Amino acid sequence: MKAGKTVCKRHETAKKAGYMTEFRREKRKTLTLQINAEGNLIVKAPLNMSERVIQQFLEDKRDWIAFHQNRILEKASQYVDHRYEPGEPFWFLGEVYPLVKMETVEKPRFDVAKKCFMMPKTGKAGTSVESEVQAAYRAAFLEYLEQRIPILSKQMNVNPRKIGIKVYKSQWGNAKNTRDIHFNLRLALAPRMVAEYVLIHELAHLKHMDHSKAFWRFVELQDPEYAEHRAWLKRNGSYLNFSRYKRLESSDL
Ligand SMILES: [Zn+2]
């Protein structure tokens, strides 16, 4: 990001929540406001715009800013850090697997038959819980992919060469023209139909290597509700995180 002077200061309306306002002076014609996933306000202003004009603009947009920041605050409050205590929910494709700790368990894993997330009673020295939990998600997600990809590929008449899993920050899947497809492991934390939409999206790229109308028509044939699933990811994607879980009582799943 190219920028001139950057000044950070707290904006009045967001003081309570601890949100920051970041001012950026840039070579641009118009003033824009953005609220990032953390709820911070980013103000991008032309180099020569006066401070008074900027402040007036912020004043005029106060309700809009408050509305969006409150929404983010509310969303964030639905998530809690994992403490790995018995009974804690572990989400997998929209279902909850409560944590059960047992002496005989060697490392974290999903137990599909018992519908729970198993962990050893005492952690091993030198291993991080987070990475072991992530490995458990990877194993379960791989099993899901191995089961679903052949079925979807047949329905869509496509032929992927290799299917893999990565942890991406800003993409849900990736299809190359070598027919290698990778999926973001964080999809394991999304509802099943949302993950399924991403599977369909990437497989559809084997027919259309773009986001043309023909591509979306092809996606729609497999997932008539794709627009809703796509919107869900836009709204909730940044909250899908292995170190936190969504409270059971929260809605929007
Ligand atoms: Zn795409």
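The values are calculated or read from the model by the stated rules, or taken from the named source; none is laboratory data. Just so you know, these numbers come straight off a predicted model, no measurement behind them. When we count neighbours, we look across all protein chains shown, and the Cβ atoms used for this are built from the backbone with ideal geometry, even at glycine.
Considering the range 105-116, and only residues there that are of a type outside the set (D, E, K, R) and assigned to a loop (DSSP other than H, G, I, E, B), the residue that is farthest from A195 (Cα to Cα) turns out to be V105. Annotation for the range 79-95: at least one member residue is touching a Ser or Thr at 6+ places or on another chain (Cβ under 8 Å) and at pLDDT below 95.
Among the numbered conditions (1) under 17 Å from R247 (Cβ atoms); (2) not assigned by TED's automatic domain parsing to the domain that holds T30, the only one that I72 does not meet is (2).
Taken as a whole, the structure leaves N184 outside the set of residues that are surrounded by 15 or more Cβ atoms within 10 Å (Cβ to Cβ), within 11 Å of the ligand (Cβ to nearest atom), within 17 Å of K234 (Cα to Cα) and not β-branched (V, I, T). The lone criterion from (1) crowded, with 16+ Cβ neighbours inside 10 Å; (2) in contact with a strand residue (DSSP E or B) (Cβ under 8 Å, 6 or more places away or on another chain) left unmet by L93 is number (2). With respect to being of a type in the set (A, V, I, L, M, F, W, C) and either more than 30 Å from T104 (Cα to Cα) or touching a His at 6+ places or on another chain (Cβ under 7 Å) (or both), V158 fits the description. Residues in the range 195-253 that are touching a helix residue (DSSP H, G or I) at 6+ places or on another chain (Cβ under 7 Å) and of a type in the set (G, A, S): 3 in all.
Among the residues of the range 187-218, the ones that are away from the ligand (no atom under 12 Å from the Cβ), hydrophobic (A, V, I, L, M, F, W, C) and free of Cβ contacts under 8 Å to residues at least 24 places away in the same chain come to 1 in all.
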